[in-house]
Amino acid sequence: MTHLPITPEVVLKAYSVGLFPMADSGEDEALYWVDPDKRGVFPLDGLIVSRSLAKTVRSDRFEIVVDRDFDAVIEGCARRGGADAERTWINGEIRRLYGALFERGFVHTVEARIDGALVGGLYGVSLRGAFFGESMFHTARDASKAALVHLVARLRLAGYALLDAQFVTEHLASLGAVEIPRADYRERLTRAMSVRPRDAFAPGLVVGGAQVLSALGPVNP
């Protein structure tokens, strides 16, 4: 049987109907489609920001930028336990597909930097009113959390309807991620696909941690 290659266009179509691709390991080039019975999402009005995290964001300890270095972010996510850690499911095919989508403006990064050096961040797919988070990493404490806070603020300001987290881990649950049934997720996804938001990743949309926290409104301490 001949297997046709997965294209960036196929990936976008899959996201629009509730699927996403994964690999068994970083060394396995094959991909498979995932459609979980339970889906993780971040309610855009339900992010949990602790007092210490709010203090970190407000202090602008991290310079938060978008779309500066996709390759470095996905490499950080693939090695998120550190340089000597076992690689995750991010394989060469994932890098190829999401790199192509980054070049086309569908994949975005939110990066935390100190003195210009990348110390954490995240990447995901932006499609109409939904952002599909793929992976995050940090090498400095709270760097990926600060990037997530900035992401949620941007999505709220731009009028997005859905932030997909795929699966809920204990770490993501501590930040406000919840698990919902597939049918509920698909209803939310359908609504998000009808939204035409502003550009959430415009460089000047948010400036500084104080504005980010203000954009979030009341948050759970």
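The values are calculated or read from the model by the stated rules, or taken from the named source; none is laboratory data. Small disclaimer: the values here were computed from a predicted structure and weren't measured. Glycine gets a Cβ as well: all are built from the backbone with ideal geometry, and neighbour counts include every protein chain shown.
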Based on what the data block shows, is Tyr98 under 23 Å from Phe20 (Cα atoms) and touching a His at 6+ places or on another chain (Cβ under 8 Å)?
no
Only one of Val168, Val207, Val119 is part of a loop (DSSP other than H, G, I, E, B), more than 14 Å from the chain's Cα centre (by Cα) and of a type in the set (Val, Ile, Thr). Can you tell me which?
Val207
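Looking at Gly176, is it assigned to a strand (DSSP E or B) and either modelled with pLDDT under 95 or small (Gly, Ala, Ser) (or both)?
So Gly176 does not fit the description; no.
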Checking the conditions here, which among Val73, Val57 is touching an Asp or Glu at 6+ places or on another chain (Cβ under 8 Å), at pLDDT 95 or above and aliphatic (A, V, I, L, M)?
Val73
Residues in segment 113-141 that are over 24 Å from Pro197 (Cα atoms) and buried (at least 16 other Cβ atoms within 10 Å of the Cβ) total 8
The residue that is nearest to the chain's Cα centre (by Cα), considering only those in segment 31-63 that are small (Gly, Ala, Ser) and over 23 Å from Ile94 (Cα atoms), is Gly46
If I filter segment 171-184 down to residues being touching a residue at least 24 places away in the same chain (Cβ under 8 Å) and under 17 Å from the mean Cα position of the chain (by Cα), which single residue comes out as surrounded by the most Cβ atoms within 10 Å (Cβ to Cβ)?
Ala177
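Touching a residue at least 40 places away in the same chain (Cβ under 8 Å), buried (at least 22 other Cβ atoms within 10 Å of the Cβ) and either of a type outside the set (Gly, Ala, Ser) or over 24 Å from Arg39 (Cα atoms) (or both), is that true of Leu189?
Judged against the criteria, Leu189 is a match.
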Tell me, yes or no, whether segment 147-162 has at least one residue that is assigned to a strand (DSSP E or B) and either on the phi < 0 side of the Ramachandran plot or not aromatic (Phe, Trp, Tyr) (or both).
yes
Regarding segment 72-95, can at least one residue be identified that is over 17 Å from the mean Cα position of the chain (by Cα) and crowded, with 19+ Cβ neighbours inside 10 Å?
yes
